[in-house]
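Structure first, commentary second.
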Amino acid sequence: MCSDLARLAWRCRRGMLELDLLLQGFLEHGYDELGKAQRMRFVQLLELNDQQLLDYLMEREIPKERDDVELISKIRHAARP
């Protein structure tokens, strides 16, 4: 599992400071609280391009799926100091 988490941490490094802070903060402070389905959805969200993901996380756009809205909210809240 440790290597899976390391791979996930690598995928959270995006090259945009805002995304890096939000995603890595969530990985450190919120990911462990997710169930299996939400963890799988988090991995799927990482497949989005940087701009789309940033738009969701900055609330400039709202995901169509209710589960994604909830997960995006968790990511935003976990990354706060």
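Below, the figures for the structure above:
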item: Within the range 44-81, considering residues that are of a type in the set (Val, Ile, Thr) and in contact with a helix residue (DSSP H, G or I) (Cβ under 7 Å, 6 or more places away or on another chain), the one farthest from Cys12 (Cα to Cα); result: Ile62
item: Contacts under 7 angstrom Cβ, first residue in the range 26-45 being basic (Lys, Arg), partner open to solvent by 20 Å² or more (accessible area, probe 1.4 Å) and part of a helix (DSSP H, G or I), 6 or more apart; result: Arg41/Asp67
item: Residue within the range 27-36 that is among the aliphatic types (A, V, I, L, M) and either in contact with a strand residue (DSSP E or B) (Cβ under 8 Å, 6 or more places away or on another chain) or farther than 16 Å from Leu53 by Cβ (or both) present; result: yes
item: The range 26-42 - residue that is among the hydrophobic types (A, V, I, L, M, F, W, C) and surrounded by fewer than 13 Cβ atoms within 10 Å (Cβ to Cβ) and, of those, nearest to the chain's Cα centre (by Cα); result: Met40
item: Per-region count, the range 46-69, residues charged (D, E, K, R), open to solvent by less than 100 Å² (accessible area, probe 1.4 Å) and free of Cβ contacts under 8 Å to residues at least 12 places away in the same chain; result: 2
item: In the range 7-25, residue surrounded by the most Cβ atoms within 10 Å (Cβ to Cβ) [restricted to those that are in a loop (DSSP other than H, G, I, E, B) and touching a residue at least 24 places away in the same chain (Cβ under 8 Å)]; result: Cys12
item: Sole exception among (1) exposed (fewer than 15 other Cβ atoms within 10 Å of the Cβ); (2) touching a residue at least 24 places away in the same chain (Cβ under 8 Å); (3) farther than 21 Å from Asp4 by Cα for Arg76, by number; result: (1)
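The values are calculated or read from the model by the stated rules, or taken from the named source; none is laboratory data. For clarity, every value in this text was computed on a predicted model and none was experimentally measured. Glycine gets a Cβ as well: all are built from the backbone with ideal geometry, and neighbour counts include every protein chain shown. Heads up: the accessible areas ignore ligands, DNA and RNA and are worked out on the full protein's heavy atoms, side chains in. Shrake-Rupley method; radii C 1.70, N 1.55, O 1.52, S 1.80 Å.
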